[in-house]
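K.L.:
After the structure tokens below, expect a handful of questions from me.
Every number here is computed from the coordinates shown, using simple stated rules; none is lab data. Please read these numbers as outputs of a predicted model, since none were measured by experiment. Every residue, glycine as well, gets a Cβ built from its backbone with ideal geometry; the counts of neighbours run over all protein chains shown.
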């Protein structure tokens with residue numbers, strides 16, 4: 001008798017759970033704005049060319065950088081969104097290395113990486129809202145500063161255009177607040193000009209990661 005009671009109770013709980021608001025808590029609608037802020041990192045994967053003018057076996061590489069990331073999504077439909085990545089400037093150290101030694105940091109440069117993507121949001125019927133996106137990145141470099149062996153010279157880093165891909169996940173906390181994680185891969189290749197000395201390719205090609213909080217409006 002008790003086992004029947006428990007079975008009926010379990011069936012009732014399961015049936016009623018399908019009617020709870022949580023089933024649509026994470027859904028977005030056309031016209032929604034989703035704004036997010038959090039810690040963002042530019043994780044460099046690019047490889048640089050040899051720079052014979054600096055040293056026969058010298059290479060340069062940009063180091064990873066972290067800053068405050070800001071993103072926004074405007075929902076055109078319940079599934080299609082337009083996303084924008086912005087940030088407080090990232091500052092990269094640029095290091096010169098040889099096969100058996102390092103010259104240390106020879107320059108620093110700041111950059112802003114605005115990235116516009118067209119997103120597709122999957123309807124999971126839950127608090128989880130995963131999405132993917134593709135788009136274009138424009139990276140603006142500024143405040144180049146030379147150090148060490150390059151300190152007597154001026155440095156100019158060209159701005160860059162490239163393609164970008166994005167994967168993201170929003171988790172609805174209720175009351176239109178959410179936790180968000182996002183990852184982009186950006187084709188970011190530029191040229192650095194050491195005026196009067198040499199120029200070299202600086203391939204950054206980063207994974208950009210961000211973890212933060214957001215709100216739906």
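K.L.:
Would you please put 63-69, 150-156 in order of how densely packed they are, using the mean number of other Cβ atoms within 10 angstrom per residue and starting with the highest?
P.N.:
Highest to lowest by the protection proxy: 63-69, 150-156.
K.L.:
If you rank 142, 200 by fewest surrounding Cβ atoms within 10 Å, what's the result?
P.N.:
Fewest-to-most Cβ neighbours within 10 Å comes out as 142, 200.
K.L.:
Now a separate question. Starting from the exponent 0.38 and prefactor 2.2 Å, build the expected Rg for the stretch 28-216 from its residue count and divide its actual Cα Rg by it.
P.N.:
Dividing the Cα radius of gyration by 2.2 N^0.38 Å gives 1.19.
K.L.:
Based only on other Cβ atoms within 10 Å, what is the fewest-to-most ordering of 203, 93?
P.N.:
93, 203
K.L.:
Would you mind ranking 127, 36 by Cβ crowding within 10 Å, fewest neighbours first?
P.N.:
Ordered from fewest to most neighbouring Cβ atoms within 10 Å, 127, 36 come out as 127, 36.
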